[in-house]
1. Using a Förster distance of 22 angstrom, determine the FRET efficiency expected from the C-beta separation of residue 159 and residue 91, and round it to 0.05.
2. Angle check, please: helix 239-248 long axis (alpha carbons) against the longest principal axis of the chain (alpha carbons), in degrees 0 to 90, nearest 10.
3. Grab the Cα-Cα distance for residue 4 and residue 180, subtract it from 0.36 nm times how many residues apart they are, and report the gain in nm with one decimal.
4. From Cα pairs below 8 angstrom and at least 6 apart in sequence, can you work out the relative contact order of the chain, rounded to a whole percent?
5. If you compute Cα extents along the principal axes in Å for the structure shown, which of (1) 63, 40, 40; (2) 58, 40, 38; (3) 75, 43, 32 do you land on?
6. Which order do the peptides 100-112, 190-202, 81-93 come out in when sorted by mean C-beta neighbours inside 10 angstrom, highest first?
7. Treat the count of other C-beta atoms within 10 Å as a stand-in for reagent exposure and order 128, 59, 7 from fewest to most.
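FYI, it's all coordinate maths here, none of it is from the lab. Please read these numbers as outputs of a predicted model, since none were measured by experiment. We place every Cβ from the backbone using ideal geometry, glycine too, and count neighbours over all the protein chains shown.
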Amino acid sequence: MDELGFSVETGAVARVVIDRVPKRNALTRAMWEALPGLLAELAADPEVKVLLVTGAGPSFSAGADIGELVSGADPADPMAELRAHNLRAQAALREFPKPTVAVIRGHCIGGGLEIAVNCDFRFAASGSTYGVTPARIGVVYPPAAIKVLLDLVGPATAKYLLFSGDLLTADEAYAKGLVDRVFAEDALDAGAAEFAATLISRSQLTIRSAKETVNALLAGKDADSLAFRRYQETIAEGELVEGIAAFQNKRTPEFPWRR
């Protein structure tokens, strides 16, 4: 399955690859527009348990395609259409029902960082760099995008990134909570694959409930009804019984949703 600017691999560990190598994987308006539909297909695929998001070639993504930023039809708001597609794409990735891991090499800047921070986890190569650069070109960053960054790294780091436009190394990003793991370049893919295998081995209903609850709490919504519904499902589907039995018998659980 191919989409403009993306390549996709399906399976238990699915992959979405940002693929515009000559442009350092800069994201076009058409790519932002295509991403929600692509993610919806993967979310509906019962075989998919974990989604890895990465970039082709040496960069994750150097950001939005600058040439398109002010190309909209309305001179009073030339970024309106692009902004709408961008925010819908971010929301679709944030709300993807299964675990998502950004696997990052090289540049992860601007729109690329927007993709990364809307994943559940960020695994980084040691030579990667990170930044949010609207202050360099006079773009007003939308509040929805700022909130995701704020929830992840807190106000001081969010302000530092947004005000300065400075780039962080992988180690600096890790120290500030922007990335979760840093690997040597040649160990990154193996590290991501090992973590994906761990997630696949766990109760998928428990993971889905935890993700729904975290998203609901961050959005200021009631999470109790969501969690209780998933709790009832773990009983009805046999996940809870199997997990306890496996623990008591010192064996690996065979959760029904893994089969």
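1. Given R0 = 22 Å and the Cβ-Cβ separation, E is 0.40.
2. With both axes taken from Cα atoms, the answer is about 70 degrees.
3. Going from the current span to full extension adds 60.4 nm.
4. Working: 451 pairs, mean separation 37.9, N = 259.
Result for the chain is 15 percent.
5. Checking each listed value against the structure points to (1).
6. Ranked by mean Cβ neighbours within 10 Å, highest first: 100-112, 81-93, 190-202.
7. 7, 59, 128
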